[in-house]
Each structure stands twice: as C-alpha cells, then as structure tokens.
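For reference, the structure is listed below as structure tokens.
The values are calculated or read from the model by the stated rules, or taken from the named source; none is laboratory data. Predicted model only: the values in this text are computed from it and were never measured. All Cβ positions, glycine included, derive from the backbone under ideal geometry; neighbour counts span all protein chains shown. We work out accessible area using only protein heavy atoms, side chains counted, and drop any ligands, DNA or RNA first. Shrake-Rupley method; radii C 1.70, N 1.55, O 1.52, S 1.80 Å.
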Amino acid sequence: MDLSVSIGPLRLKNPVVTASGTFGYGEEYSEFIDLSSLGGVVVKGLSLLPKEGNPPPRITETPAGMLNAVGLQNIGIERFLREKLPFLRQFDTSVIVNFFGDSMDEYSKAAESLSSADGIHALEMNISCPNKQAGWCIFGTDPKVTFEVVTAVRRSTHLPLIVKLSPNVTDIRVIARAAADAGADALSLINTITGMAIDIRTRRPVLANITGGLSGPAIKPVALRMVWETYNAVNLPLIGMGGIMNSDDAIEFMLAGASAVAVGTANFIRPTAPVDVLKGIEKYMAEHAIPGISAIRGGMITDRKP
Amino acid sequence: MNLIRYFKARISENRQLNGEHNLLTLVPLTGINEPEPGQFYMTGTGACNYDPLLKRPFSLFRRKNNSLQILYRIKGRGTSLISGLGEGAIVDMLGPLGNSYPMPAHNETPLIIAGGIGIAPLFSLAERLAGRAYIFYGARTRDELFFLAELKVFAKGLFISTDDGSYGEKGAIIAVLNDFLTRHSSPVTRHLIYACGPAPMFESLWNVVRGTGIKTYVTLEENMACGIGACLGCVVNTGDGHKSVCKEGPVFLINDILHITG
C-alpha cells in the first residue's frame, strides 16, 4: 500500500507527523520511537534569538484537554542548527522546522537563516503570535496582516512553506485564503484554542499567563470542522491536527480534507502515539482495500454542500 | 530505540494510610531500569474517557523486592482518580525520569529534611544512606507522619515535629534543624542537606543555610505533561534561566532556585 502524501512540493513517506511544541527537537522522543518511521518531525517553534517564555505555572489539565502557556520558549535558530539539526539528519524522515517572529522583519530573517541549512525539508510558519510593531495583535487573525507576513516569508525561502493557522478567528477560511494568495504551499491547522482556568479557592488564574492554549481531545470536533471548512475553501494540501489520540481520529481528519495529520498532546500520554496512529491507518487501509492513503482525502460522504 | 522506560505495571496494593494519603505498590510487567533516589515516574491510568488525560509525576518512594512504591497525597482530580484504582489494575509508567540526589562524600554528614508529603522522594535516599543521615521530618499532625519505625532504623538521628504538637516537637521542622546546626557545627563538620517540602519550608530553610556554605539540594514539584523535557511545561526560574523540573531536576541546589527572593 502507498502511504506517501504530497504536501505541495514536499513529499512525506507517510501522513503522520508530530505537532510542533509537543515533540521537543525530536531527540527527546528518539528513545521511545524510531524517528525514521515518521512522515515528518515538526520541531518546537524557533525564533531568531532564544526566548525564555512565560513564567510558571505553564500547564494545567482541563476536561479531556490541557492548557499551556509556555510562551514559545526556545533555544533560538543558531543553537538549533548547531546542536539539534545534526541529530535529526541521521533519520530518514522529513524535518519540518516551525518558526515565528515578532515582526515582519524577524519572520523573514528567521526563514532566511533556516533556508540555508542542510537537512531542513520544509518550514512551518506559526502565525499565532503577537506582532510587537502593531500593538501585539496576532499575525494570524487579520487577513491583511497574514497576507503581508506570508508574502514576506515567501520571498525569503525556497523551501516548501506551510502556514499554521490559528483557530482563534471568526472565519478561518478568510485567513486560509490570505495565506494561499500570499504563496503558502500548504496549511496546517489548528493551533491551540485560547482558554483559561481559575482556582476558585485562591481566586487566582491557574496559569501565570492567565490565558493559555487548549489542546487535546477536547478540541478535536472544532479542529475537524475547521479542516473541513478550509478544505472546501482553498486548493492547498492541509495537515490536520487537534486532539488526535489514535488512528480513528487521524482518519476522520483525512476524510474531512487533511492530506496528512499531526499528533500532538497524545505524545505526552503515550510517547509511541505517532507510530500507533500510523499502524492503525495501515490497518484501516488494509481492511477497506485502500491502495493509496491520498485516496481517502476529503472522502466524507454527505448529501449537503458546504 | 528502547522501550525499557515506558512500561506497564500492575497495582498490587493501593493502601489508604489516612484519608488523604495512599501508598501505591506497583509490579512492573516487564524489565525496568533501576531507579536512583530522587527520580520519579509519570503514571497514567490509560482511561479511555481521557479522565485523567495526562500522566501524573510521582517520586519513587521505595524500591522493594520486585515492586515500586509511590507515596502520594490525594490533592486534585488526577490523584483522586488514581486513589480509586484497585489491586490488579494496570497503569502506564514512564521512568525512572529526572536527575537524582548526588551522594555525599565520605567526610560529609547528610541531613534529610522532609515536610509533609516531602518525605516521598527522600525515603529511598534515607534507606540508601542508612546509618549515616540525620533525618528531620515535620508534618501538620501525628496522622500525617508515615513509616516512622523504618525511618528510625535508617537514621543516625531522627527528629520529628508537628504543627499541632501531637507528636515530637511542636512547630516547624526547620526550627528543629536550626537548633541542631547550632549545636553540631564545628570547623570539622561538613553538612550536606537534602530537602523536600512545601514552598514556605524551602524559604525558611534558605534563611538557615544562606551564607553558611552548606550545600543544600531541594526536590521540586511542578505540573508536568511529558516528563522528558519536550513540552517545557514544568520549568522553574533559576539563576541560569528556565530549567525543566522533569529533566534538569527535580533535584536542584537551593541557591539556584531561591536566588531571586534571596
């Protein structure tokens, strides 16, 4: 059976990748999982300069989910290229580097410095972070800003460019179209949904940052709906994610329109989760006599038009 | 690739010690890496309704025969659900994780300071250092002091205090430690402290050891998701930036943790 999928110019050997921020720089999980068995490893989001992130506490569990406010802590692009990328190069998998900036200029520079490195197969651009220059509004919530920043990055890299969409918008299709018009090769969705939790005894927020990003099974129905909407709105390959715990979840995303899927929070619960998802997809294909995984993309049967 | 640190274990006992504390005895179903005192395990129930979703970190309390023991306080939803698991239930374990307690040199006198459930990571250290360590153990009340008979056997000297005076000295355990240090300090004695307890205990301990040159290790606790340094959810602010409690800890030098308030 053919498990390979095309994400624009990027060819993945199979449709299962890891979600940025849940898999470290890959080496943390290499004890538990053969990274070469994955379609791709998406590393923790990087910025030009290292970032300390938010103060603790940063995470808390909520019903069937978790909130995190890590605040994009990372070691910076330079250290990543020097200390982490050589390790990832040993594996037969696509290395996808997630990155962000806090200005248009930083986005471009980050994309540029990653593009000259050997062993990076694609870039995933996080647009769910605040724009320092424009009053901290989020790059991924205003289609004009999204278009501008993706255009700038598109000019700075020859690598396949995946834009990771924020779900914290009124209509994700509008942002998806802006990213597509600006030259994105693919879209990944969804990032976490902004939420919060309060300790009623102390009357204080549970997270030091007050708000955080919700992930895990709790967000899967929302993610699935947004993938389906985006699939019907733009003609780009999609990487679907949001609460995928097993292969059934992954196949749902593909039927809704995702070409590939990312396993995120599940890594924390079962470090072998991405491989388990892949095995389950293979089993599903065998049981349903599906020769190639790309055939099930968007295969949800419905009598209604979106 | 090697799955020795990701294993299933069978609960052989989930014994209630009092209304709030349980001793969980687990028998790993496969071979494991031997844990060092101070290390911990992420423990999950594998609940198919995702409640709890994440594993919970627990220090190794004791390695006994073929089992691992965890002493825990029922505090939130996760520990409450785990307390409901009975004999025969299978749990998902990741570990041993984190660093461990550096062992004392021959000329160092180890002092073990436990506040409440802080005894959990220190018990196996006390066992390892049997006959060498002075143990200081404080709790709110008599009912919250556990395994005193064993600790008495392990300790070179055992000092107990309770907030309500129901057992041992009345008052904070750090006051007892302070007395001890005043009486036992000499140019030839080199003390080494291992402590675990609530944040206010660490602060009083810092006031005692600060400037004395007594090397002091503390074990920290934080909400965790992955347990292996990937999610960066459990960091603590140190003099050298954010460090992951799960991977660079849970054992830290007190001066790295309390430098900000100090």
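Residues being aromatic (Phe, Trp, Tyr), open to solvent by 10 Å² or more (accessible area, probe 1.4 Å) and touching a residue at least 12 places away in the same chain (Cβ under 8 Å) are represented in the range A:13-33 by at least one member. Do we have any residue at all in the range B:57-68 that's basic (Lys, Arg) and open to solvent by less than 20 Å² (accessible area, probe 1.4 Å)? Within the range B:57-68, not a single residue is basic (Lys, Arg) and open to solvent by less than 20 Å² (accessible area, probe 1.4 Å).
How about the range B:237-262: which of its residues are within 12 Å of chain A (Cβ to nearest Cβ), surrounded by fewer than 19 Cβ atoms within 10 Å (Cβ to Cβ) and touching a Phe, Trp or Tyr at 6+ places or on another chain (Cβ under 8 Å)? Result: B:Thr238, single match. Of all residue pairs spaced 6 or more apart or on separate chains, those with beta-carbon atoms under 7 Å, a first member in the range A:54-66 that is within 7 Å of chain B (Cβ to nearest Cβ) and part of a strand (DSSP E or B) and a second member that is surrounded by fewer than 19 Cβ atoms within 10 Å (Cβ to Cβ) and modelled with pLDDT of 95 or more are A:Thr60/A:Ala197. In this entry, A:Ile210 passes the filter for residues that are more than 14 Å from every other protein chain (Cβ to nearest Cβ) and open to solvent by 20 Å² or more (accessible area, probe 1.4 Å). I'm checking my understanding of the structure. Among residues of the range B:1-12 that are out of contact with any Asp or Glu (no Cβ under 7 Å at 6 or more places or on another chain) and either open to solvent by 60 Å² or more (accessible area, probe 1.4 Å) or among the polar types (S, T, N, Q) (or both), which one is nearest to the other protein chains (Cβ to nearest Cβ)? Taking the candidates together, the pick is B:Leu3.
Only one entry in A:Thr151, A:Thr146, A:Thr157 is touching an Asp or Glu at 6+ places or on another chain (Cβ under 8 Å) and either more than 23 Å from A:Ala256 (Cα to Cα) or surrounded by 22 or more Cβ atoms within 10 Å (Cβ to Cβ) (or both), namely A:Thr157. Within the range B:194-226, the set of residues being facing chain A (nearest Cβ under 8 Å) and either open to solvent by 30 Å² or more (accessible area, probe 1.4 Å) or on the phi > 0 side of the Ramachandran plot (or both) comprises B:Glu222, B:Asn223. Candidates are the residues of the range B:29-46 that are open to solvent by less than 20 Å² (accessible area, probe 1.4 Å) and within 18 Å of B:Glu87 (Cα to Cα); the one that is farthest from the other protein chains (Cβ to nearest Cβ) is B:Thr43.
Here's the yes/no breakdown for (1) within 14 Å of chain A (Cβ to nearest Cβ); (2) aliphatic (A, V, I, L, M):
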site	(1), (2)
B:Gln16	no, no
B:Gly19	no, no
B:Val27	no, yes
B:Cys48	yes, no
B:Pro52	yes, no
B:Phe58	no, no
B:Arg63	no, no
B:Ser67	no, no
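Scan the range B:13-24 for residues that are open to solvent by 10 Å² or more (accessible area, probe 1.4 Å) and in contact with a strand residue (DSSP E or B) (Cβ under 7 Å, 6 or more places away or on another chain) and report the count. The total comes to 6. Filtering B:Asp164, B:Asp179 for residues that are of a type outside the set (Ser, Thr, Tyr), in a helix (DSSP H, G or I), open to solvent by 60 Å² or more (accessible area, probe 1.4 Å) and over 13 Å from B:Ile112 (Cβ atoms) leaves a single hit, B:Asp179. Answer yes or no: is there a residue in the range A:271-292 that is touching a residue at least 12 places away in the same chain (Cβ under 8 Å), in a loop (DSSP other than H, G, I, E, B) and closer than 18 Å to A:Ser37 by Cα. Yes, the conditions are met somewhere in the range A:271-292.
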